[in-house]
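First comes the structure, then the notes that go with it.
The values are calculated or read from the model by the stated rules, or taken from the named source; none is laboratory data. Nothing here was measured: the structure is a model prediction, and the numbers come from that model. All Cβ positions, glycine included, derive from the backbone under ideal geometry; neighbour counts span all protein chains shown. Only protein heavy atoms, including side chains, enter the accessible area calculation; ligands, DNA and RNA are left aside. Shrake-Rupley method; radii C 1.70, N 1.55, O 1.52, S 1.80 Å.
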Amino acid sequence: MFRPFPATTRRTLTAAIATLVLAACSPTSDSVVGPSVGAPAKLDVSTTAVALNGIGAADTIRATVRDDAGNAVGTPVTWTSANPAVAEIASSGAIVARAAGITTVHAAAGSLSADIEVRVLGVRGLAVTQSAIAVRVGDTQAIGAIIDSDPSAQQELTFTSLNPAVATVSATGVVNANGEGTATIKVASVADSRISATVSVRVNPARAVSFAPGGGAVTLWLGDSRTLSASVDVDATDSRDVVWMSENYAVAIVSEDGVVTATGEGTAIIRATSAAPWQ
């Protein structure tokens, strides 16, 4: 025999059915249709020519495949270099200079393609103004260099001493003489380290003034005189004259010829200085 559900039961069932129906319909009402992308129609590259200013210099070329409407299409791009010895290119479009010259890199995406000229600016030669120099301990001297390169190539040079105990060299090519001996300074192009030249450096003893044997200490009676002599070790082109001076005129005076005269009791220092200019 059929027995109807109580009223409260009917309301609960109706609510459950309504909930299920709404849940079933919700995905359809929330769906979104994205914009359509057409077939690949053109290949855009970020540049048509690249100039790299030295060996090892790098750049990146960007390429994008687009449809007729200009939308980006996710088609991969492959890269090749016509002459990897001049410039190599990676799958990302990153290009690196390997040697001076001109080559072409090729971008391809299906039937689409583009060519980009790559010019690697180079250094043809390097010459130093002096292949050999001589300096004294404690002196400095600048090295001059002339570089032959393409106008826009890197003009910077590196300077390296192969014997720092004898001579060091600054980043701008100034040699500092540290000790007696010989050293080689290497000058190289930053744009192409294979291009280099060398300078031979001889470091001679420091300039010096010395008294003749027995002249380091002199005893005089008041009114007596004695002639002192001093030798000067300077470069051959420098003056060998000596400038004399007494540091206590009340005790002793000295002439420009090195004649010392005792003027009073006590002790005085007589100084002999080279007249040659010091660097």
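Some points to look at:
- Under-5 Å amide H pairs with ASN248, H placed in peptide plane, nonlocal only: ILE269
- Given charges at beta-carbon only (K, R positive; D, E negative), |dipole| of the chain in Debye: 1800
- The residue among ALA82, THR104, VAL123 whose Cα reaches farthest toward the positive pole of the charge dipole of the stretch 61-132, with charges on the beta-carbon of Lys, Arg, Asp and Glu, is VAL123.
- For the chain, the longest principal axis of the alpha carbon atoms and the long axis of helix 7-30 meet at an angle near 50°.
- For the stretch 32-82 and the stretch 171-196, distance of Cα centres in Å: 45
- 3J(HN,Hα) along the stretch 107-123: 9, 9, 9, x, 8, 8, 7, 8, 10, 10, 7, 10, 10, 9, 6, x, 10 Hz, from the Karplus curve 6.51 cos²θ - 1.76 cosθ + 1.60 with θ = phi - 60°, whole Hz, x for Gly and Pro.
- Per residue, the accessible area of the chain comes to 60 Å² when a 1.4 Å probe rolls over the protein heavy atoms.
- Percent carbon-and-sulfur accessible area, the stretch 184-226, ignoring ligands, DNA and RNA, probe 1.4 Å: 52
- For the chain, adding -39500 (n - 2.57) for each run of n ≥ 4 DSSP H residues and dividing by the number of residues yields -3000 deg cm²/dmol at 222 nm.
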